[in-house]
Structures are given as C-alpha cells and as structure tokens.
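Contents: one structure, followed by commentary.
The values are calculated or read from the model by the stated rules, or taken from the named source; none is laboratory data. Here the structure is a predicted model, which means the values were calculated and not measured. Backbone-built Cβ (ideal geometry, glycine too); neighbour counts: all protein chains shown. Areas reflect the complete protein model, heavy atoms only, side chains present, ligands, DNA and RNA absent. Shrake-Rupley method; radii C 1.70, N 1.55, O 1.52, S 1.80 Å.
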Amino acid sequence: MTRLVGLDVGTSSVKGVAIDAGGKVLAVAEQPHDLSMPRPGWSEQDPDDWWRGAAVVLEQLDSASADGIGLTGQMHGLVTLDQAGHPLRPAILWNDGRTEAECAEIEKKVGFERLVELTGNRAQAGFTAPKILWLRNNEPEVYARIAHILLPKDYVRLRLTDLHAIDVADASGTLLLNVAERRWSDEMLDALEIDRAWLPNVFESPEQTGTTHGGVPVAAGAGDQAAGALGVGVVAEGGPASVVLGTSGVVFAALDRYAHDPQARVHAFCHAVPNAWHVMGVMLSAAGSLGWLRSAIGGTYDELLAEAADWEPGVEGLLFAPYLAGERTPHADPSARGAFAGLSLRHNRGAMARAVLEGVAFGLRDALDLVEQLGGRPRVGRVSGGGARSQLWLEIVASVLDLPLELTVVDEGAAYGAALLGGVASGVFADAREAVAECVKVTRVVEPRADWVEAYAEIRERFRGLYPALRPLIG
C-alpha cells in the first residue's frame, strides 16, 4: 500500500498524518513542545525540540516504510546556525513582536512602495528579515557567528536529510524573496546587508529535496497556510478559495500570476503549486475570539453556540471588534484592540457569543473583499479549522461572505497538504493538481441564507465604522 507522510512543525506541537494514494488517512500522530516567552512580546522555541518531536511522530507514522514525506510548519521563524549546523540561540517565532524598530528600518532603507512590489508584503514584526536585523542590532556576538539561516520546518529537513533547502512558499514569508521571480532578491539582500551565502537553496514545493537517511524522498514542502490550502484543493485562480476558522482566520485565493496590493493590506506569496501564487488576508483572532469569550465569561463552547442561536442577525445592535491581538487585514495595526459596542440590558451571554461569531465573519469579509480585488471573486470557499465544526458559525460566515462553503472529507490541516506534496516528490502523483483531484473530496455544502445575506450587508457597514471610531481611544 502506498504510504505518504505529512509533517507539520507547529507552534504548540509537531503533527503528522499518513495517507494512502486515494487520500484516506491511515494514521495521525502529535507530539507537543514548549513555547518560551522570556520577555513581554517575545516568543521563542528550541529548534531541537522540533526535531525530537518530529522523530517521535515519524516513528509513530512508520515513515521508514513511506513512499514520500512532505514538510510544512509555522512560517517566518528565524533559526540561526553556526558552521557546524548547530543552533546559535532559540528560534525567534512568527508571533514575536520585538522588531518594530527593524520593520521601520527596512521600510526606510528599501522604500515602502518598492518593498511591497518586490516581496508582496510590508515589513511586519512576524517576518524573518526584521528578526535578522534585530540580531545584528541587539546580539552582535550571535550575528557574527551565523553561517546558515533556516525556517522551522527546514531545520527538521536538515536533520532528516543533511540538506539546507527551503520552498518558495515559505521563503515568501522571509521578506527576502523576489516573489514574482521566485528567487532570492539581490536587491533586498544588498539593501539590508545580509549575506546571500547564509540562505538555503530555493525549490518549488513538490520538488524532491534529498532523502531521509533511510532513503525516503522528502518534498520541499510549504508554509502552513499554503500547505493547508492545497490540502482542501485550492490550486488555481478561479477555483475555490480557502477560508480558515482557526485560532486566526484566513481567506486565501490562488492566482495564476503575481499580483500585490500596493497598500499591502493582504499578503502576496508564491503558492505551493509551481507557476502559481496566492493572495491571503489574515485576521489574528478568529476562533481565538470565541476562546477568549469562553475563558472570560464561562460556559462550554456548545452552551455558548446554543445560546447564540437564540439571537437574530445583528444582535439588536450589538457589534464586536475582533482585534484582541492587533490585526493584519485590513488594518495592519499591532496596537488595534477588541471591543463590544452597543451593549444593552437585554444582552446576555448568548448575545455576546453571537456578536463574536458575527464580528469574526465581518473581519473575514474585509479580507475577502481585498482578495477579490486582486484575483476575482471565488465561486466557493473551502472551509477548515476548529470553528468549522459549528453549523451556526458556518451559516453566519457563508451569509456574511455571500459565498457557499464546502467541507472536505479530511480536515487534517497543513499536514495533509504536506503529504500530498510528498506524493508528488515520490512520483505517486504527476503534480499537485493530480494529487488534489485524487485525494480532496467535498462532503457537504453550507449555502448562504438569503434573509441573513440581506441583513448582514447592512450591518457590515456599521461594523466597518468600528475600527476608525475606536482607534483614537487606544493608547
């Protein structure tokens, strides 16, 4: 039996899935690891914790007998290695916010317009390049010893194959790639005075990047969002878009050519499919907003959702701004904050839950509108993430987006997409599109509710006034 393994080096754990040539899940495994926050706003991990977790997961999935392995994981994290390949310090992660000054430095050196044109993005604290500059400015003794730079999943690849490599999708999140040309940008490296020799070779996501010590082919892989979108069948412009209702929320659409938003309100990256790109709107607190509410006021998720269903759209004027951890799309503002507006004596716990569900949906609509400007309106959304388990939330999101939402047979996230890439690298599939055609199957569709579509169109205009009204009140 064909056995393909996908490995996801996440922020809280290493996850893995083994599938057959038809996409059926044969086994899953997960190994947690620690997250360190040594100072406020800092977020770090020991790269060797990823490798130890990966080794456990790969053994549980019987990867030694696999036909191919694909890699994915958290994006943007900076792993610095010495000449012998040993980590010089803990990795600085995607959710680390220490580099505000370095982001300003990059935009000044390169120029905002040119930066966005080259890389498809503005300088944000989560990206890799600002972290490199932070090391130069704050830990010069570490900076002076750098011989290699990798991203999280690529450190696991190094331990698996002894190869320094990265894929174009993950490399897009470094702020050092010429995204249109799918190669490292000499202009960015020169402007920031970063040594080209530190960077790994760049591959297309389905390409083979060596083999394990046991001879199993390893695909280049992709960052978690690109791999996750591939895993639900988002491969070409005009096809389905990916709508993620995870801790963060994402609207992701494939493009057949490079395009970027001049204001960088959405991200433009290379896709995990060769000769394809993607545009992506990201909101930082989607299902995370509901998790926050549950922690703050109590109740189980089932109780909150049942009580939310008792309220009509608009919740009698109650709105929720879902900016609990700042925001990326459409407001690139790490200082943005959440709020309820319009509370009355009639509102109860269920009303607040309904407002949270709707506020997240409105945030996703903000992202969809920007994505649509660059790639056209998708015909359907493929939804994934923990929030997709709620029928009520799916109906709200479908109605706010005015877009049918499809659910697929398998929702194993980025690891599933990575396994498909492993299948291409090993020759099981001819390319990523064939892998999707063979393995990704839709189980059901959630249609927009016509009466809710009309109601939410009006409420959405009020929601869009929240951020500009609240911003002057935040210190």
* Asked: If each of Val142 and Glu193 carries a label point 7 Å out from its Cα toward its Cβ, how far apart are those two points in nm?
  -> 2.0
* Asked: Count of lysine pairs in the chain with Cα atoms under 29 Å apart, counting only pairs 8 or more residues apart in sequence or on different chains?
  -> 10
* Asked: Rounded to the nearest 20 Debye, what is the dipole magnitude of the chain about its Cα centre when Lys and Arg each give +1 and Asp and Glu each give -1 at the C-beta?
  -> 500
* Asked: Can you give the accessible area per residue of the chain, in Å², using a 1.4 Å probe?
  -> 37
* If we count every other residue with Cβ under 13 angstrom of Leu401's Cβ, Lys/Arg +1 and Asp/Glu -1, where does the sum land? -> -2
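Any chance you could run the full-extension gain for Leu163 through Ala64? It's 0.36 nm times the residue separation minus the Cα-Cα distance, nm to one decimal.
Numbers: separation 99, 0.36 × 99 = 35.64 nm, distance 1.83 nm.
Separation in residues times 0.36 nm, less the Cα-Cα distance, equals 33.8 nm.
Ignoring any ligand, DNA or RNA, what whole percent of the accessible area of region 222-367 comes from carbon and sulfur when the probe is 1.4 angstrom? Can you show the working numbers first?
Numbers: 2360 of 4590 Å².
So the carbon and sulfur contribution to the accessible surface is 51 percent.
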* For Thr2, put the label point 7 Å out on the Cα→Cβ axis and report which residues of region 420-455 keep their amide N under 19 Å from it. => 420-442
* Asked: Charges only on Cβ, +1 for Lys and Arg, -1 for Asp and Glu: so what's the dipole of region 155-256 about the Cα centre, in debye to the nearest 20?
  -> 400
* To do: Measure off, as a whole percent, the carbon and sulfur share of the 1.4 Å-probe accessible area of region 387-448, all protein chains present.
  => 44
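Arranged from highest to lowest average of other beta-carbon atoms within 10 Å per residue, in what order do the peptides 349-356, 62-69, 26-33, 172-179 appear? Intermediate values should be presented prior to the final figure.
Numbers: 349-356: 23.6, 62-69: 21.0, 26-33: 16.9, 172-179: 26.1.
Ranking, from highest mean packing down: 172-179, 349-356, 62-69, 26-33.
So between Ser295 and Leu470, what do we pick up on full extension, going 0.36 nm a residue minus the alpha carbon distance?
On the way: separation 175, 0.36 × 175 = 63.00 nm, distance 2.38 nm.
60.6 nm is the gain from fully extending Ser295 to Leu470.
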* Asked: What net charge do the residues around Arg183 carry, taking every other residue with its C-beta under 13 Å from that of Arg183, with Lys and Arg at +1 and Asp and Glu at -1?
  -> -3
* Cα gyration tensor of region 229-287, axes a ≥ b ≥ c as square roots of the eigenvalues: rounded (a/c below 1.5), prolate (a/b > b/c) or oblate? -> oblate
